Structure formats: structure tokens, C-alpha cells
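S.K.: Here's a structure for you.
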Amino acid sequence: MFRARLLHPQTREPVDDCLAACFPAPHSYTGDDLVEISTHGGLVVPAAALAALVGAGARPAAPGEFTRRAVLNGKMDLLQAEATADLIDAGSPVQRRRALQQLERGLSARLDGLRSEILELEALIAYDIDFPEEDEGPVSPQRVRGAWEVVRGRVADLLKTAPEGERLREGALLVIAGRPNAGKSSLFNALLGTERAIVTEIPGTTRDAIEAHAVIEGFPFRIVDTAGLRDSDERIEQLGIEVSKKYLAAADLVLFCEEGEEGRGTGDAELFIAACTAPVVRVRTKADLPPVPRPSSPVPAVSVVTGQGMAELRRRLAEVAFGKLLALGDVEPVVTRARHRTALERALAELDAFWSARMAGVDAAATATHLRAAVLALDELIGAVTPEDVLDRVFAAFCVGK
């Protein structure tokens, strides 16, 4: 680390008193020779420093270019590169922990293991190809079946984490629904921890859906406060209800609010819940107002005024939206992107095609092509064999530079 004076290359005018750190290849983030210059903060000094560097012949980095170079130079694989972006974008503790786990090759190591198991299965099939005259070959069918079942099961188990893993990256879409004046906006504000939605005693106050990000029990949520569901002749309210229905159709989880008076609107509630495609968590709001729901009520009561039931509600929402991830903990790897899911689906389909071909009596050489295709799908996922257009898509989402 050197203290240096940064001068403009043409005018020789001092730009800043800075620090420069030199990282000779290959001991740098990218694997190339690298110099990091630390200037004073603010708006003017960094901009002037950048202008001076460009004037000396440098150019601004493209989005993700430093990490892309690290991948191309073998400093990290493609999964680690994606984890770098996820770590920068993390907005909740669980997102941060998952990104760090992937950056430390948690998912990469699991895929390396699966790849090795498929190659071992392919090696068993090679005996059938090399010794076709042997009775049933030198490897028993039971051994081949056992090896196939193990690796297929592990690929399938990893693939099962995809729905909640992708939800973890984007945030679970939690839609708060119910009749007008059921306490939806108050509950929305309480879950956010800020007064975002207008709250009044007038039914129909919320005319449009309001969306905001929140962290609940360490997990990311996109919470939506919707217009109250009822039959209405008022045009603007009708439009708000239509928007509410669109959010409900896309929801990962629905929080259905019922007024504190037990038994009111139960039939409507059951019809609404039956029509929902997403899991529904029911709560009775305004528990601080009389009449108070009886303790035997199957629907838990909450009060945003006293805080009654709010901690339990937060835990319940996290369990319903991210139950599998909670069960896995932070040790097991998780699939967090559509690209990961697509590659694993391809690998699983090829493993199934291998077994179907084997059961149909197809010769060993032809069945082995499916195992090779499964390995290729994992290679593309890790980035061992990655087309240029895939790299372009991955790094286009990065912040400028990193």
C-alpha cells in the first residue's frame, strides 16, 4: 500500500492525495495485475480521479467485468461469481448467509460430487461396452441400479430446494387480503415497521395495491396491501379490487385478515381460501377491541396496538414461505436461480432417459450418451463449459465494475 499523489495526465494538476495498492498476478481478485486506488470520498474527487484515469488511457469497466475476468482466469467458478452479485444485493440476513455459503463453494462442491457420481456410473456402463460377450457383463445390474438411484435421488433432492431458493433471492410475495376495514393496512404497517399505508375507520380507504420490502425472521418478503374484497359499484374501487386479484394470483403466500369478532364472515372466508392457489395464513385482527375472540378460536388473533400475536405471526409467515430452508439450515446448499434449476432439470431428465433406455434394452453405448449429457449439464452450471451468451446474461445483472 502506497501513499501517492494523483495527477491529471495532461495538465499535471493534482487531483487527490490517495492510496494505491498493487496486486501482482495471479494474487489478485481477477488473476491479472491489478492496482486499487483509494481516493477521498464525496462527489467531485472520485469523479475527477476517474476522469484522470480515463484521460491516461483507461476505460470504465463493464458491468461485472472484474468478476468475469476472475472466472475466465480460474479464480472462481460461475456459481461463485453469481454468489458475489447475490452478496452485494443481499437485503436480509438469510440472503447474506446463503450468498456467503455459495461463495465458499457450498453448491459447487455438491455439484462436483454429483458429477463424480455420474462419471462413476458411466464407468460401470463402460464395462458393458468393453465386454459385451460376458453374461450380464462384469458389473451386476443391481450395482448399476443402486448407483443410478443414489445419484438420481441426490439431484432430485437438490432440485426440490429451487422454489424456496429462488423465492429467497427475489423475496416471497406476501399478499394481505380481506374485506374492507379488516385491519389489513394496519397489519401491513406493523409488519413493515413504518406507516406506509393510510389507515382510517372508513371501509375502502385503500384503493390500490401498495408493495414494500420487509425482512421477517431474517427472510426477505415483498408485502402487498390490497384493496378490500367486496362487491362495489364504485369504479375506482372496482379497479383496485381487480389489481388485488392479480396480486393474489401471483402470491407465494396470502395473509387473510378477519375482523376481531369471532364468526363474522366465516362462510366468505372459507370460499376465499378455497379459491386461493397459494398457501393461506388466517388471522383475526383488532384483538384489542371487544368482543375479544375466545381462546378456543382456531384462527390466531393479533393486535397491532398491543403487539399480541405479532411475534407468532412473523414466525408463522417465515415457516410457511421458507419452511424447507429453515429445515435445511445454513449447511446444505440451495438452488437460488432459474439457471441452476434449468440445468438440474436437464441433468435429471438425462438420468431418467438413461434408465428408460436401459430398461428398454438399448445397447450400453447408446444409454451412456444420456449420462454424458447429464455431466455436460452440470459442467455448464458450474461454468466449466460455458457459452459466451450465458456469461453475458450472468454478468449483465452485476453492478458496474465488480
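S.K.: Leaving out same-chain residues fewer than 8 places away, which lysines sit with a Cα under 19 Å from that of Lys184?
M.R.: Partners found: Lys245, Lys246, Lys286.
S.K.: Report Rg(Cα)/(2.2 N^0.38 Å) for region 49-121, keeping two decimals.
M.R.: Rg over 2.2 N^0.38 Å, computed on Cα atoms: 1.50.
S.K.: Based on the Cβ-Cβ distance from Ala4 to Leu72, what FRET efficiency comes out when R0 is 35 Å, to the nearest 0.05?
M.R.: That gives a FRET efficiency of 0.75.
S.K.: Using a 1.4 Å probe and ignoring any ligands, DNA or RNA, find the accessible area of Ser185 and quote it in Å² to the nearest 10.
M.R.: Accessible area of Ser185: about 10 Å².
S.K.: So how much accessible area does Ile129 have, in Å² to the nearest 10, using a 1.4 Å probe?
M.R.: The value for Ile129 is about 80 Å².
S.K.: So, one more: Rounded to whole Å and sorted largest first, what semi-axes of the equivalent ellipsoid does the C-alpha gyration tensor of region 312-402 yield via the square root of 5 times each eigenvalue?
M.R.: Ellipsoid half-lengths, sorted descending, are 33, 23, 9 Å.
S.K.: Considering only protein heavy atoms, with the full assembly of protein chains and a 1.4 angstrom probe, order His370, His27, His40, His340 by accessible area, largest first.
M.R.: Most to least solvent-accessible, the answer reads His27, His40, His370, His340.
S.K.: Could you please put Val44, Val362 in sequence from largest to smallest accessible area, using a 1.4 Å probe?
M.R.: Output order, biggest surface exposure first: Val44, Val362.
S.K.: Here is a further query. With every protein chain kept in place and ligands, DNA and RNA left out, what is the accessible area per residue of region 60-192? Probe 1.4 Å, answer in Å².
M.R.: Roughly 44 Å² per residue, with all protein chains present.
S.K.: Starting from the alpha-carbon convex hull of region 16-91, give the projected area averaged over all orientations, in nm².
M.R.: If you wrap the Cα atoms of region 16-91 in a convex hull and average its projections, you get 6.2 nm².
S.K.: Using only C-alpha positions, report the orientation-averaged shadow area of the convex hull of region 269-350, nm², one decimal.
M.R.: 8.7 nm²
S.K.: Hey, another quick one. Which whole-number percent of Cα pairs in region 1-46 have a distance greater than 14 Å?
M.R.: Tail of the P(r) past 14 Å holds 57 percent of the pairs.
S.K.: Could you sort Arg341, Arg393 by accessible area so the largest value comes first, with the probe set to 1.4 Å?
M.R.: The ranking, largest first, comes out as Arg393, Arg341.
S.K.: Of the heavy-atom accessible surface of region 61-117 (probe 1.4 angstrom), what whole percent is carbon and sulfur?
M.R.: Ligands and nucleic acids excluded, carbon and sulfur reach 52 percent.
S.K.: HN-Hα J couplings of region 249-255 from phi, Karplus 6.51/-1.76/1.60, θ = phi - 60°, integer Hz, Gly and Pro as x?
M.R.: Using θ = phi - 60°, the values come out as 5, 9, 5, 7, 7, 10, 9 Hz.
S.K.: Something else now. Accessible area of Phe272, 1.4 Å probe, to the nearest 10 Å²?
M.R.: About 40 Å², ignoring ligands and nucleic acids.
S.K.: Hey, what do the phi angles of region 337-345 turn into as Karplus ³J(HN,Hα) couplings, whole Hz, using 6.51/-1.76/1.60 and θ = phi - 60°, x for Gly and Pro?
M.R.: 9, 4, 4, 5, 4, 4, 5, 5, 4
The values are calculated or read from the model by the stated rules, or taken from the named source; none is laboratory data. These figures come from a predicted structure and were not determined experimentally. When we count neighbours, we look across all protein chains shown, and the Cβ atoms used for this are built from the backbone with ideal geometry, even at glycine. Heads up: the accessible areas ignore ligands, DNA and RNA and are worked out on the full protein's heavy atoms, side chains in. Shrake-Rupley method; radii C 1.70, N 1.55, O 1.52, S 1.80 Å.
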